[in-house]
Amino acid sequence: MGERIALVVDDSKSARFALRKYLEGHAFRVDTADSARAAYAWLQDQRPDLIFLDHVMPGEDGFAALQHIKDDPQTAGIPVVICSSNEGGAFVAEARSRGAAEVLQKPPSPDQLQRVLKQIETLSAAAPAPVPSAPAGQPHPVPTAPAVDTSVAAAPARTAAATPAAADAGELRELRESLDLLRADLATASTDSAQITQALEARAGAIEARLNAIEQRLGSDLANVHKHLEREIESLRRHGDQAVEALRSQYEAALEALREEQRQTMDALHQQRAQDHDARRQQFDVELRAVHEQFREELAQAMQSAREQALQDVRARLLAALGE
């Protein structure tokens with residue numbers, strides 16, 4: 001299989017880069033666009049085999065862009081994969097009802113991308129091949145059993161660029177023209193009805209065998225997807241338990257650290273209060289001694305003044321008594 005072209009439309013640069021790397025690993029040449037408008041401009045000149053379209057984008061979202069692509073006859077047959085973190089059944093059903101070939105969960109994993117690509121190839125292989133028209137001026141050949149069996153069994157599978165949506169108006173017109181030619185040829189054919197019945201039965205058997213093969217592949221794919229989902233769920237459970245245990249350990253460690261910090265803060269506060277109390281008591285003692293010393297000095301001065309005054313009074317009385 002040669003190189004295929006994929007267009008990745010996403011407003012996230014990291015999402016475009018990641019999906020591009022995945023697709024390049026599957027032999028795709030990848031071009032990117034950061035908006036629906038940029039994708040429309042790119043599609044005017046080029047036709048990719050596959051389009052990956054982000055669901056949530058500024059301006060026109062993925063569903064609006066999908067509608068635009070499907071409304072354009074030039075791009076309607078290109079399979080479109082909607083990329084979204086919403087993986088609910090209702091969302092997937094809505095995306096497919098709007099014309100999406102598949103839904104890819106964001107962020108995608110290599111296994112999911114492989115599943116989507118394989119599913120698109122399976123759907124492409126199930127699409128009916130157009131009936132070739134006879135050259136102008138020649139009668140349309142009546143199919144015989146060997147010819148029908150060989151054409152159906154050996155019909156090459158379509159690439160990922162084809163989907164059931166490829167049966168557009170042009171192919172329908174071609175089928176109707178072929179049917180008209182077949183009816184005209186049947187009216188003039190010399191082949192007996194037994195040979196025609198045998199050819200039709202052979203074609204029906206080949207188509208039924210092909211449908212059975214497709215159903216088996218789909219069943220196998222669904223079983224593989226189911227097993228993969230079970231492994232993913234179990235892995236998520238283990239990771240979830242480990243994450244919860246890690247968070248619990250971190251919480252307990254952080255709580256113990258807070259408690260230790262609180263104890264240290266309280267100890268420092270008590271120590272600071274004790275130091276402040278001792279400092280205030282020492283200051284009070286100093287001030288009290290100063291007041292006591294000042295009081296003693298004042299008392300001594302007052303007693304000295306009182307003694308001197310008393311001596312003066314006694315001297316004055318003695319002088320007065322001697323003078324008499």
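Coordinate-derived values only; no laboratory data. Everything quoted here is computed from the prediction, not taken from an experiment. Heads up, the Cβs are rebuilt from the backbone with ideal geometry, glycines too, and the neighbour counts pull from every protein chain shown.
The alpha-carbon of LYS21 sits under 17 angstrom from the alpha-carbons of these lysines, leaving out residues fewer than 8 places away in its chain: LYS13, LYS106. For ARG263 and ALA41, the difference between the fully extended length at 0.36 nm per residue and the C-alpha to C-alpha distance is 73.2 nm. Taking a Cβ cut-off of under 14 Å around ALA6, the surrounding Lys, Arg, Asp and Glu residues balance to a net charge of -2, with basic ones at +1 and acidic ones at -1. Scanning residues 5 or more positions from VAL30 or on other chains, those with amide H under 5 Å from its amide H are ALA6, with H placed 1.01 Å from N in the peptide plane. Of the two radii for region 10-95, the radius of gyration is 0.94 times the Kirkwood radius, both from the alpha carbons; that is the Rg over Rh value.
Using packing as a proxy for protection, rank 47-53, 280-286 so that the peptide with the highest average count of other Cβ atoms within 10 Å comes first.
Going by the mean number of other Cβ atoms within 10 Å, highest first, we get 47-53, 280-286.
Peptide packing: for 100-108, 314-322, the average count of neighbouring Cβ atoms within 10 Å per residue gives the ranking 100-108, 314-322, highest mean first.
Residues in region 256-264 carry Karplus couplings, in order, of 5, 5, 5, 5, 5, 5, 5, 4, 5 Hz; the curve used is 6.51 cos²θ - 1.76 cosθ + 1.60 with θ = phi - 60°, and Gly or Pro positions show x.
Going from the fewest other Cβ atoms within 10 Å to the most, the residues HIS228, HIS292 appear in the order HIS292, HIS228.
Going from the residue with the fewest nearby Cβ atoms within 10 Å to the one with the most, LYS21, LYS70 rank LYS21, LYS70. P(r) for region 245-304, from all Cα pairs and a bin width of 10 Å, is 19, 20, 16, 14, 12, 9, 6, 3, 1 %, short bins first. With θ taken as phi - 60° and the Karplus curve 6.51 cos²θ - 1.76 cosθ + 1.60 applied, the whole-hertz 3J(HN,Hα) list for region 307-319 is 5, 5, 5, 5, 5, 5, 5, 5, 5, 5, 5, 5, 5 Hz, x standing for glycine and proline.
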